[in-house]
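Here the structure comes first, spelled out in structure tokens, and everything after it is commentary.
The values are calculated or read from the model by the stated rules, or taken from the named source; none is laboratory data. Nothing here was measured: the structure is a model prediction, and the numbers come from that model. Using ideal geometry, Cβ is built from the backbone for each residue, glycine included, and neighbour counts are taken over all protein chains shown. Surface areas here come from the heavy atoms of the whole protein model, side chains and all, with no ligands, DNA or RNA. Shrake-Rupley method; radii C 1.70, N 1.55, O 1.52, S 1.80 Å.
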Amino acid sequence: FTSKKLKGGRISAIMGGCEINLSNADMEAEQMVLDTSSIMSGIDIRVPAHWEVILQASPILGGMEDKTTKPQNPSKKLIIKGSAIMGAVEIKN
């Protein structure tokens, strides 16, 4: 994604996987929400280094992991909501 006007969205993966690369994108507001649903699958999300990631999600027999480097002065906040049921959601820079 290269849009400079992202507003948020929903990502679902069931018995498969997906990779979302937002490293060249930017959000329209100061923060946005991504709702994720991973069922027996994996979701990998890449974000720009100046975004702060906030996880508000529920893993059930799965995992959700923020592997980003925390920015000194974050200019944007990405809120990840949702669930990982026997699956995984991983966020990286």
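Structural remarks
- In this structure, Leu6 does not satisfy being at pLDDT 95 or above and either charged (D, E, K, R) or within 19 Å of Lys77 (Cα to Cα) (or both).
- Of all the residues in the stretch 10-29, those that are out of contact with any strand residue (DSSP E or B) (no Cβ under 6 Å at 6 or more places or on another chain) and more than 13 Å from Val47 (Cβ to Cβ) number 4.
- Residue within the stretch 26-46 that is hydrophobic (A, V, I, L, M, F, W, C), at positive phi, open to solvent by 60 Å² or more (accessible area, probe 1.4 Å) and at pLDDT 95 or above present: yes
- Annotation note: Cβ proximity below 9 Å between a residue of the stretch 10-38 that is farther than 23 Å from Lys76 by Cα and touching a residue at least 24 places away in the same chain (Cβ under 8 Å) and a residue that is part of a loop (DSSP other than H, G, I, E, B) and open to solvent by 60 Å² or more (accessible area, probe 1.4 Å) (sequence gap 6+ or interchain) occurs for Ala13/Met40; Ile14/Met40; Met15/Met40; Gly16/Met40; Ser38/Met86.
- In the set Ala25, Ala57, only one residue is within 17 Å of Asn93 (Cβ to Cβ) and of a type in the set (Gly, Ala, Ser); that residue is Ala25.
- Total residues in the stretch 47-82, condition open to solvent by 40 Å² or more (accessible area, probe 1.4 Å), of a type in the set (S, T, N, Q) and under 24 Å from Ala13 (Cα atoms): 2
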